[in-house]
Amino acid sequence: MPIPILALKPTYLELREEMDAAYRRVMESGWYLLGAETEAFESEFAAHTGAKHCISVGNGLDAIRIALEAHGVGPGDEVLVPAHTFIATWLAVTQCGATPVGVDVAADTANLDPRMLERALTPRTKAVIPVHLYGQPADMGPINEFAAAHGLSVVEDSAQAHGARYLGKRCGNLGSSAAFSFYPGKNLGAFSDGGAITTNDDEVARKAKRFRNYGSEKRYYHDVPGINSRMDELQAAFLRVKLAKLDEWNARRLVLAERYRERLGSVEGLRLQAVPEWADPVWHLFTVRHAKRDALQQYLAEKGIQTIIHYPILPHRSGAYAASPCVAGGPFPAAEDWAATVLSLPMGPHTAMEEVDAVCDAIGDFQSAGGGL
């Protein structure tokens, strides 16, 4: 049987009874937006991260954008962002009217390299967005120290890091605020789009909650030009069911990641993402790097193994920024290397150990056949 990068249907099948009950509960309530399910999810997810507030929104991109807006980021400002990340991190800055400024990543982890922040700093810098890429936390200690020294807000892009920990503390409670995505493929995924902002700052929470709802705190009174970005009651109810399973599902991912690391760690020509001692990743993705990445991907595809490249094009090189304002801030040798060599292997709470072994066997065969030479 083909081995998918991630199987989504089993998440429903495992929780079918609870999911169906959540559906009926919402449909029978007669209230489908900004109601009891949303309030309950926000409370439960805030408690899960350890943050004081959670404000649900329509998707992960909006979560980053609204968090930046709540911190006062706007036209004329610059925001430091990793050079290697999904483009949403950059787009959120652009949507605020600010300018994204690229910062190179650490060569061994692909996360923002704190040592590179100083070179990208200007008098217009207003915030920094560390991305917890692939489910592993960025090195938040030095990032927060840098931000505090220069009066910057820190907005965590936690879209891939539901439940991950830095020095024992969960992502989503490590900076000024954090943004999450609940896209279906995330560790905590809805059955549609969804997102959330977490923060301990009462004023940031108030502004974010207002901005997501047309800039209104009282119906028909609009204080700022906000947007419409609201999670519906059905997705909130589904996420509540999945949230109760998140730690268990993350533990399953860890077991699979350990097998991958055990079997692939010594394969010549293959590089694995480093895991610093202060990091407890949740393995949203399991990535490897190979100089002949495209050939390896093709070989695995022929064996029925699905892989994805996360991500082949650095944001500043994309067409979206060909004529849009951004500051490259380069060079980015580490980011360029990741983009040219990274490959994501099958990983998920319902990936079987036998599938992991089959992937590892196929990679070994690729090497034995001379693919790595």
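Please treat every number below as a calculation from the coordinates, not as lab data. All of these numbers come straight from a predicted model, not from anything done at the bench. Virtual Cβ from ideal backbone geometry, glycine too; neighbours counted across all protein chains shown.
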In the neighbourhood of GLY185 defined by beta carbon distances under 14 Å, the net charge of the other residues (Lys, Arg +1; Asp, Glu -1) is +3
I'd like the FRET efficiency for ASP294 and ARG252, computed as 1/(1 + (r/R0)^6) with the beta carbon distance as r and R0 of 25 Å, rounded to 0.05. 0.25
Sequence gap at least 6, Cα distance under 8 Å: using those rules, report the relative contact order of the chain to the nearest whole percent. 23
Taking a temperature of 20 °C and a viscosity of 1.002 mPa s, what whole-number D in µm²/s does Stokes-Einstein yield for the range 246-368 with Rh from Kirkwood over alpha carbon pairs? 135
Evaluate the relative contact order of the range 246-368 (contact order divided by residue number), counting alpha-carbon pairs under 8 angstrom at least 6 apart; express in whole percent. 37
Just list whichever of LYS52/LYS242; LYS209/LYS242; LYS218/LYS245 have alpha carbons separated by over 31 Å in the model shown. LYS218/LYS245
According to the Kirkwood expression over distinct Cα-Cα pairs, how big is the hydrodynamic radius of the chain, in Å? 21.1
Using 7 Å Cα-to-Cβ label points, what is the TYR221/GLU262 separation (nm, one decimal)? 6.2
Cβ-based charge dipole, the chain, positive-most Cα from PRO100, VAL73, ALA147: VAL73
Given a cut-off of 13 Å, what percent of all Cα-Cα pairs of the range 186-230 lie beyond it? 59
Under a point spin-label approximation (7 Å from Cα along Cα-to-Cβ), what is the ALA320-ASN228 distance to one decimal in nm? 2.3
Please identify the DSSP H helices in the chain that span no less than 18 Å along the helix axis (Cα) and have a mean Kyte-Doolittle hydropathy of 0.0 or more. 353-368
Quick check: from the Cα gyration tensor, does the range 1-40 come out rounded (a/c under 1.5), prolate or oblate? prolate
I want to check the label-to-label distance for GLU354 and ALA7. Put each point 7 Å from Cα in the C-beta direction and report it in nm to one decimal. 1.0
In the Gaussian network model of the chain, springs joining C-alpha atoms below 10 Å, which of LEU272, LEU239, LEU61 carries the largest mean-square fluctuation? LEU272
Multiplying the sequence separation of ALA40 and ILE313 by 0.36 nm and subtracting their Cα-Cα distance, what value in nm do you get? 94.4 nm
Mind checking the full-extension length gain between ARG119 and ASP361? Use 0.36 nm per residue of separation minus the Cα-Cα distance, one decimal, nm. 82.8 nm
With the convex hull built on the Cα atoms of the range 83-170, state its orientation-averaged projected area in nm². 5.5
With only helices counted (DSSP H, runs n ≥ 4, each -39500 (n - 2.57)), the per-residue ellipticity at 222 nm for the chain, to the nearest 500, works out to -11500 deg cm²/dmol
Order of ARG16, ARG115 - criterion: other Cβ atoms within 10 Å of each residue's Cβ, fewest first: ARG16, ARG115
